[in-house]
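The values are calculated or read from the model by the stated rules, or taken from the named source; none is laboratory data. Owing to the predicted nature of the structure, the values given are computational and were not obtained by experimental measurement. In this analysis, Cβ positions are derived from the backbone assuming ideal geometry, glycine residues included, and neighbour counts consider all displayed protein chains. Just so you know, the surface numbers come from the protein's heavy atoms only, side chains and all, with ligands and any DNA or RNA stripped out. Shrake-Rupley method; radii C 1.70, N 1.55, O 1.52, S 1.80 Å.
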Amino acid sequence: MVEQLVIIGSGPAGYTAAIYAARAQLQPILFEGFEAGGLPGGQLMTTTEVENFPGFSEGIQGPKLMKEMRQQAIRWGAKLITDDVITVDFSQRPFTIATSDLEVKSHAVIVCTGATAKRLHIAGEEEFWNNGISACAVCDGTNPLFQNVEIAVVGGGDSAAEEALYMTKYASKVHLLVRSDRLRASKVMQERILNHDKIQVHWRVLPISAHGSDILQSIQLQDQKDSSIMELKVSGLFYAIGHTPNTQLFAGQLDLDEKGYIKTYGKTTATNIAGVWAAGDVQDHIYRQAITAAGTGCMAALEAERWLVEK
Ligand SMILES: Cc1cc2nc3c(=O)[nH]c(=O)nc-3n(C[C@H](O)[C@H](O)[C@H](O)COP(=O)(O)OP(=O)(O)OC[C@H]3O[C@@H](n4cnc5c(N)ncnc54)[C@H](O)[C@@H]3O)c2cc1C
């Protein structure tokens, strides 16, 4: 039997695509993942309060939001399979999508495998994750933990510069921790960082451990030149050291950009292969928000539906 539509990935993009496709009676099959590329439910399963997803005026816990999206997809008839896709073959139609013990043929596929925020895995990171350590200033900056206190951002590229500038709205002081002796951010961003009176740049340092009681109170920095250790009293530590898109599975079949994100074309979610679309963070290294992931998931489902009708 050949399915009409398979969706790979169960973050906001995947579940939204499933809701739209199921309502369009495409009977989508959604592979939620198991271990590959994060947890079933995606990145929001690793956070607490989500304060910026419209419709929840008091905020909502990330796992609760994802449970609601999942239930909505099931309610409209999407079939969910909690397993990792390990191979895809887009060279022949219908396409083949396989887990370790199941092979599915499908006319159309939507890829929503997301991205994984890189972490430093320093001592104490697990203990203070969501209690001072975060990988997203836009998501967590307004948290009371970070108001009018000193915080640190790690990284030297444009994302780190943006996160540091963003946090100057809330924190009393932002320490930008740069591993080398130069910023990789654009010239304009560098100037904004270096001239900002709330930002102090620390060159050639990396955090090596996090300390506190229930919440983060300080970190230890190691000088990358002479290995000396210093303590920095901060209530927040933001990783801005990049994301890894979960696209290894598609390399050689879908066009990827230089950072490994799936390329989509025009104002659509279409990939280089007709009948394959990509939505969410797997094709977006700019916005990386739940609402933009859900929005592109919706676009992909509508585009897939129209394409299937035409075919
Ligand atoms: C700590 C943290 C807090 C955040 N807070 C906010 C916030 O407050 N507000 C906000 O808007 N955004 C927030 N974000 C960003 C937001 O989580 C992402 O933008 C969003 O989850 C992206 O959705 P997605 O559907 O593209 O992919 P993801 O959420 O990354 O989900 C990808 C899915 O693909 C699955 N998958 C991967 N590989 C495979 C495979 N081979 N087979 C099957 N399945 C696979 C994974 O299991 C996962 O379910 C936060 C991110 C983090 C890390």
**Study point:** Within the stretch 119-239, percent of DSSP bridges classed antiparallel, to nearest 5
**Key:** 40 percent
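Evaluate the chain: find the radius of gyration of its Cα atoms, find its Kirkwood radius, and give the ratio Rg to Rh. Could the numbers behind the result be given before it?
Details: Rg = 20.9 Å, Rh = 20.5 Å.
Value, to two decimals: 1.02.
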Check your understanding: From the phi of every residue in the stretch 269-281, what ³J(HN,Hα) in whole Hz does the Karplus formula 6.51 cos²θ - 1.76 cosθ + 1.60 yield, where θ is phi - 60° and glycine or proline is x?
Key -> 9, 5, 9, 6, 10, 4, x, 10, 10, 10, 9, x, 5
Exercise for review: No other cysteine beta carbon under 4.7 Å away is the test; run it over the chain and list who passes.
Suggested key: 112, 298
**Study point:** Gaussian network model of the chain, Cα within-10 Å springs - most flexible of 205, 188, 276
**Key:** 188
Review point. Tell me, what HN-Hα J-couplings in whole Hz come from the Karplus equation 6.51 cos²θ - 1.76 cosθ + 1.60 at θ = phi - 60° for each residue of the stretch 124-132, using x for Gly and Pro?
Key: x, 4, 4, 4, 9, 5, 6, 10, x
Revision key, fill the gap. Using a 1.4 Å probe on heavy atoms of the protein chains only, the accessible area for residue 70 in Å², nearest 10, reads 80 Å²
Exercise for review: Using Cα pairs closer than 8 Å and at least 6 residues apart in sequence, work out the relative contact order for the stretch 119-239, in percent.
Suggested key: 31 percent
Review point. Along the stretch 168-177, what does the Karplus equation 6.51 cos²θ - 1.76 cosθ + 1.60 (θ = phi - 60°) give for ³J(HN,Hα), rounded to whole Hz, x for Gly and Pro?
Key: 5, 5, 10, 7, 6, 7, 10, 9, 9, 9
Practice item. With unit charges on the beta carbon (Lys/Arg positive, Asp/Glu negative), name the residue among 26, 73, 116 whose Cα is farthest towards the positive pole of the charge dipole of the chain. Key: 26
Check your understanding: Given the Cα-Cα distance of residue 172 and residue 195 and 0.36 nm per residue of separation, how much length would full extension add, in nm?
Key -> 6.7 nm
